[in-house]
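**Student:** My questions all concern the structure below.
The values are calculated or read from the model by the stated rules, or taken from the named source; none is laboratory data. Just so it is clear, the structure is predicted and the values come from calculations on it, not from any experiment. Here the Cβ is made from the backbone with ideal geometry for all residues, glycine too, and neighbour counts use every protein chain on show.
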Amino acid sequence: MPSGKFTDPEYLRTRQYADDRNLQARIALHRRFSTNAYGWFQWYLDQVSLPPAARILEVGCGPAALWQDVLPRLPGDWRITLSDLSLGMVRAARGNLSAHSSQFIFTVNNAQTLPFPGGHFDAVFANHMLYHVPDLAAALREIRRVLKAGGTLYAATNGERHMEAINIFGRAFAEAVGVRLDDGFSNRNLRFSLENGAKHLRPYFTHIERRDYPDALEVTEAEPLAAYLLSTTSAVARLDSRRRPRVEAALLAFAREYIAARGGSLHVAKSTGLFIAR
Ligand SMILES: C[S@@+](CC[C@H](N)C(=O)[O-])C[C@H]1O[C@@H](n2cnc3c(N)ncnc32)[C@H](O)[C@@H]1O
């Protein structure tokens with residue numbers, strides 16, 4: 001089960017997502033070692049179908065990696081509001097899109113209470129974030145409220161088996177160094193997953209479709225694998241500064257041996273995709 005930290009807004013806002021470094025470490029692993037060369041963000045935009053001059057709200061935007069990736073393809077008349085619980089993330093998003101500021105508005109807010117009038121947006125994007133929200137029903141109610149009649153929610157999330165090989169790697173390491181583990185890097189029992197997402201969406205949307213993005217990782221380098229583990233909400237990543245340097249050195253050596261023992265490449269199956277709900 002994901003640790004309590006995974007849905008603790010104070011921890012998420014002030015530690016895990018205080019700035020974009022943890023998330024960028026995870027994005028870097030995907031960018032470097034994904035087997036599907038098309039790319040998640042490009043695929044994501046392919047799924048989006050909106051009217052001209054669409055008004056879009058993204059909740060939990062992080063550092064705006066989606067928009068950076070798809071900028072050359074973006075219709076110039078879309079008006080996009082990017083919001084996140086974390087001020088550090090909103091600052092990173094604004095910095096990353098500063099050259100395109102006329103198309104974007106940035107706000108700090110919790111997806112559970114949206115400061116927008118009802119029926120305002122053609123689409124809400126909620127990507128890899130609904131599993132963090134403690135009151136999921138409140139967030140979905142708010143998203144439904146701010147959507148126009150016939151508006152669309154695009155909600156990306158992971159399946160319960162997503163990147164299980166990293167979970168197994170993390171557990172093996174924690175055991176080797178004697179760290180007592182919660183499950184901060186497992187996707188098992190996610191609050192909002194590919195498996196249970198439709199059930200959560202059904203009270204608010206009549207048309208719900210799930211689309212999966214086929215992908216995997218072939219990880220051939222120890223450093224990004226170690227950095228990934230240290231970026232998670234797991235107990236390994238939250239060690240105090242006294243223990244951390246020793247554990248970090250041990251992790252790198254462990255990751256090298258782990259990859260070598262698998263013929264030089266750790267295969268990591270992914271399970272990720274998107275709900276389109278109207
Ligand atoms: C895994 S990141 C995903 C970022 C981005 N959507 C992406 O796909 O690259 C989750 C983001 O959701 C934000 N978040 C977590 N709980 C939230 C909440 N209750 N309301 C708004 N944002 C939240 C975090 O601060 C973080 O930036």
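**Student:** Which of the residues that make up the range 42-63 are buried (at least 19 other Cβ atoms within 10 Å of the Cβ) and assigned to a helix (DSSP H, G or I)?
**Tutor:** Y44
**Student:** List the residue pairs whose Cβ atoms are under 7 Å apart, where the first residue sits in the range 133-147 and is closer than 19 Å to S86 by Cα, the second is modelled with pLDDT under 95 and within 10 Å of the ligand (Cβ to nearest atom), and the two are 6 or more positions apart or on different chains.
**Tutor:** Sorted first by the residue in the range 133-147, then by its partner, the pairs are P134/T7; P134/P9.
**Student:** Are any of the residues in the range 172-181 among the charged types (D, E, K, R) and either outside any strand (DSSP E or B) or modelled with pLDDT under 95 (or both)?
**Tutor:** Taking the range 172-181 first, the residues among the charged types (D, E, K, R) are 175, 180.
Subset that is either outside any strand (DSSP E or B) or modelled with pLDDT under 95 (or both): 175, 180.
Yes, the range 172-181 has at least one match.
**Student:** For the range 118-141, how many residues are within 14 Å of the ligand (Cβ to nearest atom) and surrounded by fewer than 23 Cβ atoms within 10 Å (Cβ to Cβ)?
**Tutor:** 9
Conditions (1) assigned to a strand (DSSP E or B); (2) farther than 19 Å from Q16 by Cα; (3) of a type in the set (S, T, Y); (4) more than 10 Å from the ligand (Cβ to nearest atom), marked per residue:
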residue	(1), (2), (3), (4)
Y38	no, yes, yes, yes
P72	no, yes, no, yes
M89	no, no, no, no
A99	no, yes, no, yes
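**Student:** Ok, one more. Kindly provide the set of residues from the range 20-36 that are more than 14 Å from P224 (Cβ to Cβ) and surrounded by fewer than 16 Cβ atoms within 10 Å (Cβ to Cβ), ordered by number.
**Tutor:** Of everything in the range 20-36, those that are more than 14 Å from P224 (Cβ to Cβ) and surrounded by fewer than 16 Cβ atoms within 10 Å (Cβ to Cβ) turn out to be T35, N36.
**Student:** Next question. If we scan the range 93-102, do we find a residue that is farther than 19 Å from T152 by Cα, in contact (Cβ under 8 Å) with a residue 24 or more places away in the chain and under 15 Å from the mean Cα position of the chain (by Cα)?
**Tutor:** So far as the range 93-102 goes, yes, one or more of its residues are farther than 19 Å from T152 by Cα, in contact (Cβ under 8 Å) with a residue 24 or more places away in the chain and under 15 Å from the mean Cα position of the chain (by Cα).
**Student:** Restricting the search to the range 205-220, which residues are part of a loop (DSSP other than H, G, I, E, B) and crowded, with 17+ Cβ neighbours inside 10 Å?
**Tutor:** Start the filter on the range 205-220 by keeping residues that are part of a loop (DSSP other than H, G, I, E, B), which leaves 205-207, 214-215, 220.
F205, D215, listed by residue number.
**Student:** Find all pairs meeting these conditions: Cβ atoms under 8 angstrom apart; at least six residues apart or on different chains; first residue within the range 250-263 and under 12 Å from E221 (Cβ atoms); second residue outside any helix (DSSP H, G or I).
**Tutor:** Y258/L266; I259/V219; I259/T220; I259/E221; I259/S265; I259/L266
**Student:** So how many residues does the range 142-160 have that are touching a Lys or Arg at 6+ places or on another chain (Cβ under 8 Å), away from the ligand (no atom under 16 Å from the Cβ) and of a type outside the set (V, I, T)?
**Tutor:** 3
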